[in-house]
Amino acid sequence: MTVFDVARALPGIEALRSHCQGLAMLDAVLSPEWDARFYSYDAHWAEGKQMASMRDGIGGEYAIAFSAAGAYVRGFDHESLMSPWARMDVPAVWPGVVDDVPEVFRPYVQEPAFCDERGVPAITCCLWRGTPDTLWQTGAIVFPEEGDGAPDGADVLFELLVDRSPEAYAKWASEYYEVPVDVEAVRHVLAGHPLTAEIVAVLNPDIELFGLAEDIAEIGYPT
């Protein structure tokens, strides 16, 4: 699965936004320590902008910027042959990945939070969708032929955005956090239903709803 497949599998912008908030809320409940979380969401990232993010702790990450203009998705797999630092003396983004990004989303390509200290974008895959658009878009990319798996890392980076089922998250989270994860509680949260003390207790009996106040406010999740 490359970024082309992800573009066909992602839902609309608002559905994706809600799903990302759900992932972040679930991670916040299961992992009170922010540094141990995979998924995060900042509903106050910048004026009129929100950001969903994932970081796997071993060099894989994505960021999704939501704004009135639409949504811009950046993914980075540090082991990918398409990494700007993989095969070039002078780091450079793989041809086609960002060449066709519309002007309204161009500032995100050079956003300091998405680049290294020299301003090189940390990116191996990219998607975007304007508010009036009916489809997600990608650049015209010729992928490297060598290597195993998806050359741009999209198959692993966006796994839980493509498979948005409660079962998929529960299975992943139970393995990552090494605790049983209740599928019905996950279903409740991913559906965007208000977070309750009962749901929190089912997911993590060691934390209470009031202890999540800051996370709830940051994520913008309903209670």
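We did not get these values from a lab; they are worked out from the coordinates using the rules stated. From a predicted model like this one, the values you see are computed outputs, not experimental measurements. FYI the Cβ positions are ideal-geometry reconstructions off the backbone, even for glycines, and counts take in every protein chain you see.
Numbers below:
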| item | result |
| --- | --- |
| Mean Kyte hydropathy of 0.5 or more with a Cα span along the axis of at least 24 Å, helices from DSSP in the chain | 13-30 |
| The chain: most fluctuating residue of Thr196, Thr138, Thr124 per GNM, C-alpha cutoff 10 Å | Thr196 |
| Sites matching trypsin sites (Lys or Arg not before Pro) across the stretch 38-146 that sit in DSSP coil, with at most 10 neighbouring C-beta atoms within 10 Å | Arg118 |
| Computed E for Arg106/His193 - FRET, C-beta separation, R0 41 angstrom, nearest 0.05 | 0.65 |
| Gap separating the Cα centres of the stretch 136-204 and the stretch 1-25, nearest whole Å | 10 |
| Ala86-Glu14 pseudo-label distance in nm [points 7 Å out on the Cα-to-Cβ vector] | 3.7 |
| Gyration tensor (alpha-carbon) shape descriptor, the stretch 70-163, a/c threshold 1.5 | oblate |
| Prolate/oblate/rounded call for the stretch 117-173, Cα gyration tensor, a/c under 1.5 rounded | oblate |
| Loop-resident sites, the stretch 104-199, for GluC sites (Glu not before Pro), counting at most 16 other Cβ within 10 Å (DSSP) | Glu117, Glu145, Glu146, Glu178 |
| Local electrostatic count at Leu135 - Lys and Arg +1, Asp and Glu -1, tallied over other residues with Cβ under 11 Å | +1 |
| Rounded FRET efficiency, nearest 0.05, which uses the C-beta distance separating Glu79 from Asp99 and R0 of 35 Å | 0.95 |
| Extension gain (nm, one decimal) between Phe143 and Lys49, 0.36 nm per residue minus Cα-Cα | 30.7 nm |
| Candidates per chymotrypsin sites (Phe, Trp or Tyr not before Pro) in the stretch 66-167, loop by DSSP, up to 16 other Cβ within 10 Å | Trp85 |
| Computed FRET value (nearest 0.05) for Cys115 with Ser165, which takes r as the C-beta separation and R₀ as 30 Å | 0.35 |
